[in-house]
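Engineer: Just dropping this structure here.
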Number of protein chains: 2
Amino acid sequence: MLDYSALSALAAVVREGSFERAARALHVTPSAISQRIRQLEERVGCALVIREQPCRATDTGRRLCQHVDHVRLLEQELQGALPALAPQGMARVPLPIAVNADSLATWAAPAIASFAAEHPVLMEVAVDDQDYTTEWLRAGAVLAAVTSSARPAPGCNSRPLGAMRYLAAASPAFVRRHFPDGVRAASLSRAPSLVFNAKDDLQARWVRRLCHRHVELPRHTLPSSQAFVTAALAGMGWGMQARELIAAQLAEGSLVELVPDTPLDVPLFWQHARAASAVLDALSREILAAAAASLLQR
Amino acid sequence: MLDYSALSALAAVVREGSFERAARALHVTPSAISQRIRQLEERVGCALVIREQPCRATDTGRRLCQHVDHVRLLEQELQGALPALAPQGMARVPLPIAVNADSLATWAAPAIASFAAEHPVLMEVAVDDQDYTTEWLRAGAVLAAVTSSARPAPGCNSRPLGAMRYLAAASPAFVRRHFPDGVRAASLSRAPSLVFNAKDDLQARWVRRLCHRHVELPRHTLPSSQAFVTAALAGMGWGMQARELIAAQLAEGSLVELVPDTPLDVPLFWQHARAASAVLDALSREILAAAAASLLQR
């Protein structure tokens, strides 16, 4: 079998970001950590850790860390069945998942939080664009992901969650100032838009559907779901806003749709490592229930 | 002088993330972009772009991009003085800054948004931990930053903004369940804490001050200011919450301080590139005014 003391050392370095902090967390010396990882690297035949500030896993290192996380989940299940194995009670195990920012800012956070409050886990939530969270699964960096990709990553199951509805919204003053003659390609090419980050193509997709062609949009970049709403309210730009996040603003009229009734629906999926553990299954149930209550179902 | 068509190509590739999108934005062919960057790399003598998905700048490439941003700001000022230079009106120029997540979720977003609504800029806001935003300045990736570091980065001015107040907070049920005998090192080593990401050491700092020693904390990782509050409300863990973000929850009693009257105040600074431009000065004024109204002043 593999050397699990070395694998634990690797997982600790990647989680903690340094050999010193990993040593402290595992109650050993930094040189013991360093030696275990070197031996593991010799056995695997390639580097597992990029020794930077903070330390990061190589692709191979990430796959090994995912394996450790998975084995820990299975161990925890065993301890549930054989309490004698863990006389001091079950240790919390890391459960790494990836979620898109708007889901985390709305329906997903309460589901994750109420699950975590009742299960012996330590959630490690990574945030990325919904078109990229599957990469985290594929790279072995997480055990489950909320993603826009229906096609299961290797070794994963994929289940539909429903669609997140986005509205192209701005303040009424912004619309009057930048779209006095309506929302057309010419005005869109001058009016500043809001994008979450370079990966966010929702604005471009909405414009392509509206104008039937690509329009080069001036873009403010603002990677915060709250700031995105604040920015729209202050007239900084227009952007695709998660409807759930701006319900109050739409109702009071401080934000309006650029073009009435032109929502963009983004179907989301829950992908999770197939070799099931009871803990991951419980998280899946919470996620699916929260999505069913909040996302658009067909 | 430097070849500014090549520098613009470089900046576009880094901003857009690919040679194809950069070509579309600049209305040239991808091979023209590629050729300009190759020539620039030959002249500088090192790689400027890491050709991945998405493309990223090397350290040297980032410095050149910062230089381009700076020159664009100066050009814009010149156009303000000599309108004949820009008969079609001023083009918006990119203004890259770095801000910590909690500032962006609270006082900084309205300041940035109202500034951006009135100036011909395209904000590129990067989010990082307040202890790391200075690195963005130092690396030349941004022109200004909200940071916890008072010492000016090379070529920058540093101005105090006041302190952001954090409270160690959790739900009353969480406190009863995990701290029945008070908040001590032993209970802290078992009760799950919330951290924003691996860089977030506020929880560890608060515990060190309380217990006068290092305590290894079980940690959930949750990189979203909203989700952080949601998680605390649901009893997922305790964490250092920005007081401004949980004022309502404290007032209604759904969140409480773990130990009454033990705030952690994090002094923040505004650092900006020294060679001033009127636009950057205007942003500085908005940021300083908003901070003065929201952050703790001595």
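Readers should treat all values here as calculations from the given coordinates under stated rules, not as data from a laboratory. Everything numeric here is computed off the predicted structure, so don't read it as measured data. Quick reminder, even Gly has a Cβ in these numbers, built from the backbone with ideal geometry, and neighbours come from all protein chains shown.
Engineer: Explain nothing, just the number: relative contact order of the range B:164-266, from Cα pairs under 8 Å at least 6 residues apart, as a whole percent. Spell out each step's value before the answer.
Structural biologist: Details: 169 pairs, mean separation 49.1, N = 103.
Here the relative contact order equals 48 percent.
Engineer: Also: Return the calculated 222 nm mean residue ellipticity for chain A, to the nearest 500 deg cm²/dmol, obtained by summing -39500 (n - 2.57) across DSSP H runs with n ≥ 4 and dividing by the residue count. Could you put the intermediate results ahead of the total?
Structural biologist: Numbers: 13 runs with 134 residues, N = 298.
Value at 222 nm, helices only: -13500 deg cm²/dmol.
Engineer: Once Rh for the range A:115-161 is found with the Kirkwood sum over Cα pairs, what is the Stokes-Einstein diffusion coefficient at 25 °C and 0.890 mPa s, in µm²/s?
Structural biologist: 211
Engineer: Counting partner chain Cβ atoms within 10 Å of every residue's Cβ in B:189-202, what's the average? Intermediate results must be reported in sequence, preceding the final value.
Structural biologist: On the way: counts 0, 3, 0, 7, 1, 3, 1, 0, 6, 10, 2, 0, 0, 0.
Averaged over the peptide's residues, the number is 2.
Engineer: Moving on to the next point. In percent, how large is the relative contact order of chain B, given Cα pairs closer than 8 Å and 6 or more residues apart?
Structural biologist: With pairs under 8 Å counted, the relative contact order is 20 percent.
Engineer: Right, another one. Normalized C-alpha radius of gyration of chain B, against 2.2 N^0.38 Å? All intermediate terms of the calculation are to be shown ahead of the outcome.
Structural biologist: Values: Rg = 22.7 Å, N = 298, 2.2 N^0.38 = 19.2 Å.
Compactness ratio reported: 1.18.
Engineer: I've got another one for you. What are the radius of gyration and Dmax of the range A:35-174, computed over its Cα atoms and given in Å?
Structural biologist: Computed over the Cα atoms of the range A:35-174, radius of gyration and Dmax are 18.6, 67 Å.
Engineer: If you don't mind, there's one more thing I want to ask. Give me the orientation-averaged projected area of the Cα convex hull of the range A:97-221, in nm², one decimal. Walk me through the numbers before you get to the answer.
Structural biologist: Numbers: hull surface 38.8 nm².
It is 9.7 nm².
Engineer: Tally Lys and Arg at +1 and Asp and Glu at -1 over the other residues with C-beta under 12 Å from the C-beta of residue B:244: what net charge comes out?
Structural biologist: Summing Lys/Arg as +1 and Asp/Glu as -1 gives +1.
Engineer: What is the distance in Å between the Cα centroid of the range A:138-164 and that of the range A:171-219?
Structural biologist: 30
Engineer: Please compute, for peptide B:102-113, the average count of beta-carbon atoms on other protein chains lying within 10 Å of each residue's beta-carbon.
Structural biologist: Numbers: counts 1, 2, 6, 5, 3, 0, 3, 11, 6, 2, 7, 14.
Neighbouring Cβ atoms belonging to other protein chains average 5 per residue here.
Engineer: Can you give the direction-averaged projected area of the convex hull of the alpha-carbon atoms in the range A:164-265, in nm²?
Structural biologist: Numbers: hull surface 22.8 nm².
If you wrap the Cα atoms of the range A:164-265 in a convex hull and average its projections, you get 5.7 nm².
Engineer: Got a sec? Charge dipole of the protein assembly as shown, +1 on Cβ for Lys and Arg, -1 for Asp and Glu; which of B:136, B:114, A:284 is way out at the positive end?
Structural biologist: Checked the options; the winner is B:136.
Engineer: How big is the protein assembly as shown by the Kirkwood estimate over distinct Cα pairs, in Å? Don't skip to the answer; put the middle values down first.
Structural biologist: Numbers: mean 1/r = 0.0391 Å⁻¹.
Roughly 25.6 Å, rounded to one decimal.
Engineer: Shortest first and in nm to one decimal, what separations exist between residue B:5 and its copies in the other chains, measuring from label points 7 Å along the Cα-to-beta-carbon line?
Structural biologist: 6.5
Engineer: Find every distance from the label point of residue A:209 to the corresponding label point in the other copies (7 Å from Cα along Cα→Cβ) and write them in nm, one decimal, shortest first.
Structural biologist: Between copies, matching label points for residue A:209 lie 4.9 nm apart.
Engineer: Relative to the Cα centre, what is the charge dipole magnitude of the range A:164-265, using +1 at the beta carbon of each Lys and Arg, -1 at the beta carbon of each Asp and Glu, and rounding to the nearest 20 debye?
Structural biologist: Numbers: 12 positive and 9 negative charges, 65 e Å.
Taking the Cα centre of the range A:164-265 as origin, the dipole is about 320 debye.
Engineer: Between chain A and chain B, with a rotation axis joining them, whose C-beta in A is nearest that axis, and what is the whole-Å distance?
Structural biologist: A:226, 3
Engineer: Tell me the net charge near residue A:66. Cut-off is 14 Å between Cβ atoms, residue A:66 excluded, with +1 for each Lys or Arg and -1 for each Asp or Glu. Numbers along the way, then the final one.
Structural biologist: Details: positive: A:15, A:62, A:63, A:72, A:138, A:274; negative: A:59, A:69, A:124, A:135.
Taking every other residue near residue A:66 into account, the sum is +2.
Engineer: Where the only charges are on Cβ atoms (+1 Lys, Arg; -1 Asp, Glu), what is the dipole of the protein assembly as shown about its Cα centre, to the nearest 20 debye? Intermediate results must be reported in sequence, preceding the final value.
Structural biologist: Values: 60 positive and 56 negative charges, 100 e Å.
Its charge dipole is roughly 480 debye.
Engineer: I've got another one for you. What three numbers, in Å, describe the spread of the alpha carbons of the range A:221-292 along their principal axes, ordered from the longest?
Structural biologist: 48, 25, 18
Engineer: Along the charge dipole of chain A, pointing to its positive end and built from +1/-1 on Cβ of Lys, Arg, Asp and Glu, which listed residue (A:217, A:126, A:22) has its Cα farthest out?
Structural biologist: The listed residue farthest towards the positive side: A:217.
Engineer: Can you list, shortest first in nanometers, how far residue A:259 lies from the same residue in the other copies, with each label 7 Å from Cα toward Cβ?
Structural biologist: Its label point is 5.8 nm from the equivalent points in the other copies.
Engineer: Search the structure for amide H atoms under 5 Å from the amide H of residue B:58, placed 1.01 Å from N in the peptide plane, and list their residues when 5 or more places away or on another chain.
Structural biologist: Amide H to amide H, under 5 Å and 5 or more residues apart or across chains, residue B:58 pairs with B:49, B:50.
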